[in-house]
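The values are calculated or read from the model by the stated rules, or taken from the named source; none is laboratory data. Predicted model, so just to flag it, every value in this text is computed and none were measured. Glycine gets a Cβ as well: all are built from the backbone with ideal geometry, and neighbour counts include every protein chain shown.
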Amino acid sequence: MNKAITDGLVLMPPPFSAGLNLWSREDGTPGSGSYQGQPNAALVTNDQDFAGCLELQKTEATQKLRSFAQTPIQPGLYLRVTARIKAVSGNLPSVRIAAWAGDVNGANVASVTQTGPSVTLTTYGEVVTVSAIISPASRTGVDLAWNTSVVYAHVGLDLTGANGGVVRIDDLVVEDVTNVFIRKLMDWVDVRDYGALGNGTANDTAAFLAADADAQGREILVPSGVFRLTSDVTINSRIRFEGTLSMPSNRRITLTRNFDLDTYGQAFGSEIEGFRRALQALFYFTDHVTLDLSGRRIDLSEPIDVAAIAGLNTFAIRRVIRNGQLNAIAGPGWATEEVTSVATYSTANNFTLTGVANVANIPVGSLVIGTGVGREVYVRSKNVAAGTVELSQPLWGAAGTRTYTFRRFKYMLDFSGFETLQRFELEDIEFNSLGLCSGVMLPVAGMTMRFVSCTFNRPLDRGITSTGTGCQGMFVDMCQFLSNEQAIPALDRTSIALNINANDTKLRNNRVVRFAHFAVVNGIGHLIHANHFFQGDESGQGVRRAGLIFTQTNVSTVVTGNYIDNCFIEWGNEHDSAPEWNGEFSFGGLNIVGNVFLAGNNSTAFRWVVIRPYGPGHFLNGFSLVSNSFRVINSTIDRVDAVDASIAGLDMTQARNVRVEGNSFNNVGQRIMNPVMVTHTQNTAADTWNVSAGGFLPFGGRVRMVEAVVPEGTITNASNAARYAFPNATPGTGAQGNEVQLRWGEALRGKAIVTMRMDIPT
């Protein structure tokens, strides 16, 4: 920095050879006396040490020498005034740099120091250099620390001590030495000052560490160039990149004060490499739990293998990635891998395929497709030597040897390399798949993964996939899932927003648009609350698909406050290798409470709650359908419930604890409830009254219990004589088992209110 160059400032006083009339023997102010014609001052041109100089005899207590020229003083400007002087004869004086400080009105600023350190001359003929630094800044190294009221100076020197001595003085020099103070003035240090070369080949690691150690609160500047670091480096100071870094893929740089995508992207010259490096550091840096993507977009042409980048297969400390967009761009890295192989399945070893041909080529994480395979069954691991494949779920109907297809989707963030990962969170991230790839594959095992305020935009196949138990305790909150298949009929869609294999997940406040399915759910203890998922299409009288699919019998799950739009809840046991009932818990633990069910332009055969047993002998044992609103627009449907008996039906003779009440039905032909209260009018006297529940019992149930019989009005015999008898009741009569026989002991007629149940409430 040199303002004489940059701002055109004139700093130097005139040389003595220009005339002694330019030099004052007082303060240098206009009107003060000069050295022109003074008997104690003369120009010397032939001095052996000085090309031209002033010879001056000290005649006053303080012999002043000041330039009449005004030297500018500015904030941020540091001036060094230098004089070279030697004693010639007589008494040896002391010398010091001095300057008169003037304000904007030309008055002296008397409050500031106007003389520098004093140096005593001790030898004749020895050239002594004296100097002082002048600046408005009060900093270490400044001799004349002035303030901003000083705008100019008359620079020079003073001779003090005994009179009579003669000295010779070389031309005074005024220099801009602001650059001397740059490192203290600026809040950064340059890695080049510590030996960094930035040539792309030299190892600059030591220089970076030295700059960090010396920064002491200042920022580190990495200037233009390519700086190679060959070791793990942690920078504890703020850092700014104009150049870029080159590092081996297994080496990490941790920027503790700039842990964000902006800085890492600048450091490595691209946002994708910056993201990889920041993600790598996230797993090793204990001071930060959150990687901020700075609200930026990262273009991906292939999956991010998070475990490979981290160099870990287990991790159990909370980490968060937030605030950005992952954007898929076309590339071969997104191509789905598909392998067909013959394998054998036995229910005795129900998570394993054995004798798997071509097992080495089957990718871990592949979707398993074949006869007798339930939805969302994945390859959890494989053993090439043994020829086996571990499955995420058992197969319901695949015993024996057959051909399977293994389809490996590609995901923007793939955590499947982690054997265990816990407490990893993704917040406010848009997975912009654009129909090229899927969103996130979870770790093989782990717990409490968390997705908050994320958007899954047009995943090709899946939004979130669990291939094992990495979904244990997972949170999916306030996310949007926007299908890539919105324009095609619901029946033709194949994409799924997410699947669950483990327990205790929370799906809350999500919006899910036109997938084949919202969620395929195994495990128990789930809370599914306040989601809006809709799967309609533009087809008139169109076929609808399941929104929620439960794949085991006893789910211990609450579905409440959701908006279930043009799709239905399917409840089956397709992830059971022995799907027939064998004394285990049967269909129970599902509570569907306070939801809004809507459908329109659909077939009259559409149903909102469908139970699909994959084996015989099952029954309802603990089910609630309470306080829901069912509404059909632009069409009607027959009823809201059904048992899909295409494989097996339900044993209605064992139903227990079924509660269906408080629901509202609009454009639904048959309401359902349990218990059912029927008013029966017997116009012809009869000993036995057959009271029908009609179609009111859910799922085509049969009457298992009569709770109450209350005659309304007078019960009479054929002669109209009042009778006060009370009947016995036989439930489950009639061809469908949905009737009750009331036996009075004699032929009677009248009206009775009968409350009957399809279950035994034990």
Residue list for region 251-263, filter: more than 15 Å from residue 208 (Cβ to Cβ), touching a Leu at 6+ places or on another chain (Cβ under 7 Å) and part of a helix (DSSP H, G or I): 261
Checking residue 641 against (1) in contact (Cβ under 8 Å) with a residue 60 or more places away in the chain; (2) in contact with a helix residue (DSSP H, G or I) (Cβ under 6 Å, 6 or more places away or on another chain), the condition it does not meet: (1)
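Among the residues that make up region 61-68, is at least one of them among the aromatic types (Phe, Trp, Tyr), closer than 24 Å to residue 175 by Cβ and assigned to a loop (DSSP other than H, G, I, E, B)?
The answer is yes; a qualifying residue exists.
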Region 72-93, residues that are surrounded by 21 or more Cβ atoms within 10 Å (Cβ to Cβ), in contact with a Phe, Trp or Tyr (Cβ under 7 Å, 6 or more places away or on another chain) and under 20 Å from residue 24 (Cβ atoms): 73
Neighbours by Cβ (under 7 Å, 6+ apart or cross-chain): first from region 305-321, closer than 14 Å to residue 423 by Cβ; second among the acidic types (Asp, Glu) and not in a strand (DSSP E or B): 314/419
All positions within region 746-760 that are of a type in the set (Val, Ile, Thr) and in contact with an Asp or Glu (Cβ under 9 Å, 6 or more places away or on another chain): 753, 754, 755
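For every residue, the table says whether it meets (1) farther than 15 Å from residue 609 by Cα; (2) touching a Gly at 6+ places or on another chain (Cβ under 9 Å); (3) modelled with pLDDT of 95 or more.
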{"site": "517", "(1), (2), (3)": "no, yes, yes"}
{"site": "523", "(1), (2), (3)": "yes, no, yes"}
{"site": "527", "(1), (2), (3)": "yes, no, yes"}
{"site": "531", "(1), (2), (3)": "yes, yes, yes"}
{"site": "536", "(1), (2), (3)": "yes, yes, no"}
{"site": "539", "(1), (2), (3)": "yes, no, no"}
{"site": "542", "(1), (2), (3)": "yes, yes, no"}
{"site": "548", "(1), (2), (3)": "no, no, yes"}
{"site": "554", "(1), (2), (3)": "yes, yes, yes"}
Only listed residue being touching a residue at least 12 places away in the same chain (Cβ under 8 Å) and either surrounded by 22 or more Cβ atoms within 10 Å (Cβ to Cβ) or of a type in the set (D, E, K, R) (or both), chosen from 417, 470: 470
Residue list for region 354-372, filter: farther than 19 Å from residue 469 by Cβ and in contact with a strand residue (DSSP E or B) (Cβ under 7 Å, 6 or more places away or on another chain): 354, 355, 356, 357, 358, 359, 361, 362, 363, 369, 370, 371
Candidate set from region 272-286 (those that are part of a loop (DSSP other than H, G, I, E, B) and more than 15 Å from the chain's Cα centre (by Cα)); member that is surrounded by the fewest Cβ atoms within 10 Å (Cβ to Cβ): 286
Residue that is surrounded by the fewest Cβ atoms within 10 Å (Cβ to Cβ), among those in region 491-514 that are without any contact (Cβ under 8 Å) to a residue 40 or more places away in the chain and among the charged types (D, E, K, R): 492
One residue from 624, 603 being of a type in the set (S, T, N, Q) and closer than 16 Å to residue 673 by Cβ: 624
Region 23-38 residues that are not assigned by TED's automatic domain parsing to the domain that holds residue 69, paired with ones that are of a type outside the set (Lys, Arg) and at pLDDT 95 or above (beta carbon under 6 Å, 6 or more apart): none
Selected residue [touching a helix residue (DSSP H, G or I) at 6+ places or on another chain (Cβ under 7 Å), farther than 18 Å from residue 115 by Cα and crowded, with 16+ Cβ neighbours inside 10 Å] from 22, 43, 54: 54
Residue ranges of strands (runs of 3 or more DSSP E) in region 100-217 with at least 2 members touching a residue at least 40 places away in the same chain (Cβ under 8 Å) and touching a Cys at 6+ places or on another chain (Cβ under 7 Å): 166-170
Region 154-176, subset β-branched (Val, Ile, Thr), under 21 Å from residue 26 (Cβ atoms) and surrounded by fewer than 20 Cβ atoms within 10 Å (Cβ to Cβ), residue farthest from the chain's Cα centre (by Cα): 166
Selection count where residues are farther than 30 Å from residue 700 by Cβ, surrounded by 18 or more Cβ atoms within 10 Å (Cβ to Cβ) and either among the charged types (D, E, K, R) or under 60 Å from the mean Cα position of the chain (by Cα) (or both), scope region 724-762: 1
